[in-house]
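Everything below concerns the one structure shown next.
The values are calculated or read from the model by the stated rules, or taken from the named source; none is laboratory data. The structure displayed is predicted, hence computed values, not measured ones. Please note: Cβ atoms are built from the backbone with ideal geometry, for glycine as well, and neighbour counts cover all protein chains shown.
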C-alpha cells in the first residue's frame with residue numbers, strides 16, 4: 001500500500017493491508033523487521049526519518065505510530081561497556097545465525113499473508129494427484145468412479 005526508501009538508499013519500508021510495517025534490505029528477499037499491534041488497521045503511508053533511525057506510519061484508524069528502524073537498538077547514551085557488549089552480540093549473531101529470520105506474527109496476519117500462496121500450492125497438489133490417479137488406473141475403472 002505504501003513504500004519509502006531510507007535516506008541511505010540501502011533499505012526500504014512498506015506498509016500493507018495486512019496491518020504490518022516491514023523493513024527490507026534492498027538486496028534481500030525477506031523483511032528485516034516486522035511491526036504490528038493488535039489495534040493497528042491497514043497502513044496507508046510510511047516514511048523514514050531523515051537520519052534513518054525511525055519510521056513513521058499512518059493507519060486506517062487515523063493514528064500515527066513511530067517505530068525504531070532497529071527494534072533491538074537502545075535509545076539514549078550508551079556507556080563504553082554497553083557499546084562493547086552490543087558489538088559482541090552483533091558479532092555472535094552474524095557467526096551463529098540462529099533465529100535471525102524468525103519473526104512472530106499473530107495468526108490473523110500470518111494467515112492473511114500466506115493464504116494465497118498456500119491455496120495455490122494446494123490447488124497444484126490436487127491437480128497432480130488427479131493426474132497420477134488417472135495415469136495409474138485402468139481407463140474403465142476411472143470412468144466408472146466418475147459416473
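If we scan segment 79-89, do we find a residue that is in the same structural domain as residue 13 (by TED's automatic domain parsing) and within 17 Å of residue 3 (Cα to Cα)?
Narrowing segment 79-89 to residues in the same structural domain as residue 13 (by TED's automatic domain parsing): 79-89.
Add one more test, that the residue is within 17 Å of residue 3 (Cα to Cα), and what stays is none.
For segment 79-89, residues in the same structural domain as residue 13 (by TED's automatic domain parsing) and within 17 Å of residue 3 (Cα to Cα): absent.
Tell me yes or no: at least one residue of segment 21-31 is within 19 Å of residue 106 (Cβ to Cβ), assigned to a strand (DSSP E or B) and either without any contact (Cβ under 8 Å) to a residue 24 or more places away in the chain or in contact with a helix residue (DSSP H, G or I) (Cβ under 6 Å, 6 or more places away or on another chain) (or both). Reasoning before the result, please.
Initially, segment 21-31 is screened for residues within 19 Å of residue 106 (Cβ to Cβ), giving 21-23, 30-31.
Next cut, assigned to a strand (DSSP E or B) only: 21-23, 31.
If we keep only those that are either without any contact (Cβ under 8 Å) to a residue 24 or more places away in the chain or in contact with a helix residue (DSSP H, G or I) (Cβ under 6 Å, 6 or more places away or on another chain) (or both) as well, we get 22.
There is at least one residue in segment 21-31 that is within 19 Å of residue 106 (Cβ to Cβ), assigned to a strand (DSSP E or B) and either without any contact (Cβ under 8 Å) to a residue 24 or more places away in the chain or in contact with a helix residue (DSSP H, G or I) (Cβ under 6 Å, 6 or more places away or on another chain) (or both).
Quick one: which of 93, 83, 68, 128 is out of contact with any helix residue (DSSP H, G or I) (no Cβ under 9 Å at 6 or more places or on another chain), modelled with pLDDT of 85 or more and under 30 Å from residue 19 (Cβ atoms)? Show your work before the answer.
Values: 93 fails: modelled with pLDDT of 85 or more; 83 fails: under 30 Å from residue 19 (Cβ atoms); 128 fails: under 30 Å from residue 19 (Cβ atoms).
Exactly one residue qualifies, and that residue is 68.
Evaluate segment 34-52: report whether one residue or more is in contact (Cβ under 8 Å) with a residue 24 or more places away in the chain, on the phi > 0 side of the Ramachandran plot and in contact with a strand residue (DSSP E or B) (Cβ under 8 Å, 6 or more places away or on another chain).
Yes - at least one qualifying residue is present in segment 34-52.
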